[in-house]
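What follows draws every value from the coordinates through simple rules; no lab data is involved. Everything numeric here is computed off the predicted structure, so don't read it as measured data. Glycine gets a Cβ as well: all are built from the backbone with ideal geometry, and neighbour counts include every protein chain shown.
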Amino acid sequence: MVQQDTTNSLDESSSAVMTIPDNPAKGIPEGKYRLVGWGIDTTGRRLIDEIIQIAAYTPDSKFSQYIMPFADINPIYIHRHGIKVINTIRYRRLRDLNANQFVKTKSEISALQDFLQWLETVKTDDVDGLILIYYEVRKASPSMLLESLRRHQLIDRFSMVVKGFCNGFNIVQAKCANTTKSFNLRVMSKVLLNKEDGSFNNAVDRAVASFDIASHLAQSEREELEKPASGMTGFERHLIQFICPYSNAIDDEEEEIRSFKVLLERQNTFRPVFGALLRASSSERQHASHLRRLLAENDINYDKLKIAYDESAKEGLEKIIKAGVPNGEEKDIEELLNILDCFFDPSKKAVQPKAGISARFYRPMGGRNNNRKRRSFNRNKNGGSESRSSPNSKEANATERSSDESSPRADHEAGGGDGGKKTEVIRAGTPESPVKTAKPPQAQPQEVAAK
């Protein structure tokens, strides 16, 4: 089971990459089942993320419904699914970025009720239940669907119709290990189904491909081919016998969710230790999540390490980590000891993330040409000659100040307070422009004394 996130929040369900080792499929007993292709699009890969599209497929029927989420979609999944939430003052809508048009949505409970009604229609009376097959390299969809059904008290109704989940990736990995090295859906669709330009960003396309790949592999296991894989309906006995060993019952999936939540709680106790590293760059965040997960998977929590340090200082930490983390590499063990020792020891500084790359790799605006000398046409106070100077030099700043002081506007503003009288500017002339001298003020006539 995998949980993935790209945010920097420190919530227990929002670490960069949270992985539980996938339990092998326990299988379900053979019976009269029907295979249904299934897929969902979500706002993220965390357990608390929401479904934005749910789709299912059988050769004679299809189901697809978009759901309006309460939260916005993670930017990575906007690019992956081609769906974006448009927020306005009055409403929220989903836009299909590929078709550049809005799609019709429903609330989560309405969409789930329609999905259950479609499943009940597909399940006929002579069938014991349905098996939903999906295709994911990192398993997450069954737990997200079950959590959504549990929020709306629909899990009992769902369990009456669906008997289990099957991951097509596990089937392909077991049957095609000797023929190919990559098992993603695009490659397997090209190899097994001869689909060159398949696009699997949409849940409907993934549901169809999951059903077709399973049908193709099940048909290839038979010695006598009665009909091609494209003509299967999902009721075939040999298809169900082929799928059942790779399936998990609903109860097994719920048990995995419960153990996953316990792991999240244990992992969340290390937030004070790895808090600064989880707010760093993506690579450091992923590495910190890996170290924290090593402790949580081996049943080590914060309180256990705190007690060991209080009793034996660093030696107590070494004893617990080296003996309790057998699946960790030597480099990871040494780094864990360093981080924990620096955190618990008040005389040492806690490990901080590395400095960002902006100061080392990004040039200032202008790049290499930023330090070139610029030509400035500044007139000094004594003449109109040009001067070339660097914009950062003190001489250029002094020249700019002197030119501002000798400008006509500055003289006008300086003389504006003297009763509004106009003052001519005396400037040093050039051979082309003779020197202008100010005219002396005319003498005012004297008042004649009164006789």
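Whole number please: convex hull volume per residue, Cα atoms of segment 22-61, in Å³. Numbers along the way, then the final one.
Numbers: hull volume 4.6 nm³, N = 40.
So the per-residue Cα hull volume is 116 Å³.
Using only alpha carbons, build the gyration tensor for segment 269-344 and give me the equivalent ellipsoid semi-axes, biggest first, whole Å.
Output for segment 269-344: semi-axes of 19, 14, 11 Å.
Pull up all non-local amide H partners of Ile28: gap of 5 or more, or a different chain, and H-to-H distance under 5 Å with H placed in the peptide plane.
Result for Ile28 returns Ser247.
Could you list Asp49, Asp345 so that the one with the fewest beta carbons within 10 Å of its beta carbon is first and the one with the most is last? Before the final figure, lay out the partial values.
Values: Asp49 24, Asp345 13.
Listed from fewest to most nearby Cβ atoms, that is Asp345, Asp49.
Please turn the phi angles of segment 109-114 into ³J(HN,Hα) values with the Karplus equation 6.51 cos²θ - 1.76 cosθ + 1.60 (θ = phi - 60°), one per residue in order, whole Hz, x for glycine and proline.
5, 5, 5, 5, 5, 5
Express the relative contact order of segment 269-344 as a whole percentage, based on alpha carbon pairs under 8 Å and six or more residues apart in sequence. Provide the component values of the computation, followed by the final result.
Working: 48 pairs, mean separation 22.5, N = 76.
Rounded, it is 30 percent for segment 269-344.
Checking the table Lys62/Lys190; Lys26/Lys261; Lys84/Lys181; Lys139/Lys322; Lys26/Lys319; Lys314/Lys354 against a 32 Å threshold on Cα-Cα, which pairs fail? Don't skip to the end; give the middle numbers.
Values: Lys62/Lys190 23 Å; Lys26/Lys261 20 Å; Lys84/Lys181 34 Å; Lys139/Lys322 30 Å; Lys26/Lys319 36 Å; Lys314/Lys354 24 Å.
Pairs exceeding the cut-off: Lys84/Lys181; Lys26/Lys319.
Taking amide H positions as placed in the peptide plane 1.01 Å from N, state which residues far from Gln53 in sequence (5 or more) or on other chains have amide H under 5 Å from it.
The list, which skips near neighbours in sequence, is Asp41, Ile67.
Quick check: pseudo-label points 7 Å beyond the Cα along Cα→Cβ at Ile155 and Thr179, how many nm apart are they?
In this crude label model, Ile155 to Thr179 measures out at 3.9 nm.
Using amide H atoms built 1.01 Å from N in the peptide plane, name the residues 5+ places from Val162, or on other chains, whose amide H lies under 5 Å from its own.
Leu130
Of the listed peptides 203-213, 319-329, what is their order by residue-averaged count of other C-beta atoms within 10 Å, with the highest listed first?
Values: 203-213: 24.2, 319-329: 14.1.
Packing order, densest peptide first, comes out as 203-213, 319-329.
Through the Karplus equation 6.51 cos²θ - 1.76 cosθ + 1.60, θ set to phi - 60°, convert the phi angles of segment 132-141 into ³J(HN,Hα) values in whole Hz; use x for Gly and Pro.
With the stated coefficients, segment 132-141 comes to 8, 9, 9, 9, 9, 5, 10, 5, 8, 5 Hz.
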